[in-house]
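Student: Here it is, the structure in full.
Please treat every number below as a calculation from the coordinates, not as lab data. The structure presented is a predicted model; accordingly, all values stated were derived computationally and were not measured.
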Amino acid sequence: MFKPYKSLSYRKPKILFVRTSKVCFFSSIKTTRKFSRGKFMGFLQIASAHKAYQTPEGTLVRALDDITINVRSNEFLTLLGPSGCGKTTLLKTIAGFEDLDGGDLILEGRSLKAVPAHHRPFNTVFQNYALFPHMNVSQNIAYGLDVAGVKKADRDRRVGEALEMVGLSGYGGRKPSQLSGGQQQRVALARSLVLKPRVLLLDEPLSALDRKMRETMQIELKNLQNSVGITFIFVTHDQEEALAMSDRIAVLSHGKVQQLGSPTDVYDTPANEFVANFVGTSNLFSGRIVESDASRGLVTIETANGRRLIAKGRDFANGSAVKMVLRPEHLRLVDSEEFEGAGTLEGRVKDVIFVGSVIHVHIDVGFGRTAIVHHHHDRAGIRNAIEAGANVRIAYSPSSAHLIAAERG
């Protein structure tokens, strides 16, 4: 029998949080308390989250350092960062597996701090899938429904729908050991989605798959998120996964959000040097702005060794210390007469790395700097002239350069 848990207080739709002994559900009924209009933002608000751990050596590690993210309803949000950045800790605190030291988690106006993990309307897909080996696929998917006391007819219907949703109709009688890695992952997804959570949390679920399968599952995951219409919060260290699937990406480092934005924003306009280097590959040139052409929106940057480079930029005054970010695909190998009006660099080829559709060309541009150019492999033209030791000219459009403030120290 379901019992009222507590009335929620937020704007429409108004819902009541109800529970069984194991699983939470939401039902559409009237709430009794009101919160002030506009007090809470977003669907799920992560508000000034703090979490620290004491190491055996006695030092304090800040896993989460004042993180605030307003998660939108029905979005695919990715938490991206290197090992130790705090992304998995943040996911665990959202799930309720870890408690915050400070801050709050607010779902549609209701604090979740006092709500245990098994009473939160979230489900988690783990890296190792955590399937029961002695149960078949249908039994694995039905497990949460059995715990919730769902009647057999409704349970079987929902399991069948879940199997169809993940493309595993007809596989219900198989054991996990009889499935491929990709199929096991689909079972884990179906087991989580059959309970109709408000948010699905995914902790690097694609990391155990080979590259081809990962690419396939990226498309399937995004399509699945669109079809079920719920919020996905996805943890990964793989930049390509994040760029391919996300509506927004939160880039984390040392427990802080370095940038939050769309994949295009994060890639094309990184907020700082960490984001520029972690998300994709970047060529960075440090210097100071010495000239500005307001009519054309161009600035001239002079590096410490006297090299002058041009870029689009209106946000920095003369004398500002900046770093110019150039992505390898925005650089071109050109003949000496070519590309009038563009920024140019000259150098000597150090290495040529063939990776299929693209050739990675590493070029010594002097003063101890190496520029990386991603040259399209077309089996003709300049590709035949790219050899180690060759003198080359690199050109770029000033509009493709992105300026960030130089970091102190």
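Student: State the dimensionless ratio Rg/Rh of the stretch 130-233 (Rg: radius of gyration of Cα atoms; Rh: Kirkwood radius). Write out the running numbers ahead of the final one.
Tutor: On the way: Rg = 13.2 Å, Rh = 14.0 Å.
Ratio of gyration radius to Kirkwood radius for the stretch 130-233: 0.94.
Student: Next question. For the stretch 31-177, taking Cα atoms only, what is the radius of gyration to one decimal and the Dmax to the nearest whole Å?
Tutor: 19.1, 56
Student: Here's another thing I want to ask about it. Would you kindly work out the equivalent ellipsoid of the chain from its C-alpha gyration tensor and give its semi-axes, the square roots of five times the eigenvalues, largest first in whole Å? Write down the numbers at each step before the final one.
Tutor: Details: eigenvalues 457, 149, 63 Å².
One finds semi-axes of 48, 27, 18 Å for the chain.
Student: While we're looking at this one, here's another question. Compute the long axis of helix 181-193 from its Cα atoms, compare it with the longest principal axis of the Cα atoms of the chain, and write down the angle in degrees, 0 to 90, nearest 10.
Tutor: Around 50 degrees separate the two axes.
Student: Which percent, to the nearest 5, of DSSP beta bridges fully inside the chain are antiparallel? Intermediate results must be reported in sequence, preceding the final value.
Tutor: Working: 72 of 90 bridges.
Percentage antiparallel, nearest 5: 80.
Student: Among the listed pairs 151/175; 87/212; 151/212; 175/196; 151/222, which have their C-alpha atoms separated by more than 29 angstrom in this model? Mind dumping the intermediate values first?
Tutor: On the way: 151/175 23 Å; 87/212 25 Å; 151/212 40 Å; 175/196 24 Å; 151/222 31 Å.
Those over the limit are 151/212; 151/222.
Student: In addition: Antiparallel versus total DSSP beta bridges in the stretch 138-262: what percent is that, nearest 5? All intermediate terms of the calculation are to be shown ahead of the outcome.
Tutor: On the way: 5 of 10 bridges.
If I count the DSSP bridges inside the stretch 138-262, around 50 percent turn out antiparallel.
Student: By how many degrees, 0 to 90 and rounded to 10, does the Cα axis of helix 152-165 deviate from the longest principal axis of the chain?
Tutor: 10 degrees
Student: Please report how far the C-alpha centroid of the stretch 348-375 lies from that of the stretch 96-136, rounded to the nearest whole angstrom.
Tutor: Taking the Cα centre of the stretch 96-136 as reference, the centre of the stretch 348-375 is 46 Å away.
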